[in-house]
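Reading through the structure tokens given below for one structure.
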Amino acid sequence: MSDMSRQEKRADALLSDNENLTSEQVRDYLLANPDFFLFYPTVLDTLRIPHQQKGAVSLIERQSEQLRLKVRQLQHQINELMSVAKQNERIYRIYADLNLRLFSCKSLFEVRSTLEQVLLHQLELHALSLKLFGFDDDLPETSKRLLLDKRFNHGIYYLGRLSQQEQTLLFGEKRIESVAMMLIGERGEMGLLAIGSNEGHHFHPGMDTLLITQLQKFLTLVVPQLAEY
């Protein structure tokens, strides 16, 4: 039996069994027989689809419009991905340049200034706090121990939010919505760098840590040479 005959028999069977077809039955039939219009092409010429702006339009016109809409949506998604890729490349280049500049620093003051210039001005982050353990700008011992125990019990990085007390301890009166923190040293024994953002979603636990890992390694190499650890 030809495909045409089988299609006709299925259609006839549906009509004979259902004198009052529901829209759901018609939908299910067409979904189950996607080649229906191949055997009944003239039906396409007579179908008219309601349209909010244009009134009734043909099925072909409606399909073409939907296809154009999907193309526009895909193009928008591609443009967004390209924009994100360009932004990520820019950030990567800035971090790479920062790491090289840290190696050229001759003092801890230069290290701090370089970090501020790049992270606060080029990357437009909100605040930076560099605390070297055992030096004059070290955190109070009790507060430091509480912070380390709470935020670094699973490693040498912390990404996310801080309590108001922790914000004041690290950044003073500046309002910080999210933070990236890293301990400096092979075991985190040298100090702490905290980078604050005024955007709550900027730093979060699920983000990639490649760039801050590289920065932590560079600081671990540079700081002991300048601080005489």
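The values are calculated or read from the model by the stated rules, or taken from the named source; none is laboratory data. All values derive from a computational prediction rather than experimental measurement. Here the Cβ is made from the backbone with ideal geometry for all residues, glycine too, and neighbour counts use every protein chain on show. Just so you know, the surface numbers come from the protein's heavy atoms only, side chains and all, with ligands and any DNA or RNA stripped out. Shrake-Rupley method; radii C 1.70, N 1.55, O 1.52, S 1.80 Å.
Key figures for this structure:
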item	result
Residue in the stretch 154-169 that is within 27 Å of residue 96 (Cα to Cα), in a loop (DSSP other than H, G, I, E, B) and touching a His at 6+ places or on another chain (Cβ under 7 Å) present	no
Every residue from the stretch 200-226 that is among the aliphatic types (A, V, I, L, M) and either touching a Lys or Arg at 6+ places or on another chain (Cβ under 7 Å) or within 12 Å of residue 185 (Cα to Cα) (or both)	215, 219, 221, 222, 223
The stretch 105-121: number of residues that are open to solvent by 70 Å² or more (accessible area, probe 1.4 Å) and part of a loop (DSSP other than H, G, I, E, B)	1
Subset tally (residues that are under 24 Å from residue 217 (Cα atoms) and hydroxyl-bearing (Ser, Thr, Tyr)) for the stretch 132-167	2
In the stretch 189-220, residue most open to solvent (accessible area, probe 1.4 Å) [restricted to those that are closer than 18 Å to residue 108 by Cα and free of Cβ contacts under 8 Å to residues at least 40 places away in the same chain]	217
Test: residue 186 is touching a helix residue (DSSP H, G or I) at 6+ places or on another chain (Cβ under 7 Å) and open to solvent by 20 Å² or more (accessible area, probe 1.4 Å)	yes
Residue match in the stretch 19-37 (condition: at pLDDT below 70 and assigned to a helix (DSSP H, G or I))	no
Total residues in the stretch 149-183, condition without any contact (Cβ under 8 Å) to a residue 60 or more places away in the chain and crowded, with 17+ Cβ neighbours inside 10 Å	17
Condition met for residue 97 (under 21 Å from residue 185 (Cβ atoms) and open to solvent by 20 Å² or more (accessible area, probe 1.4 Å))	no
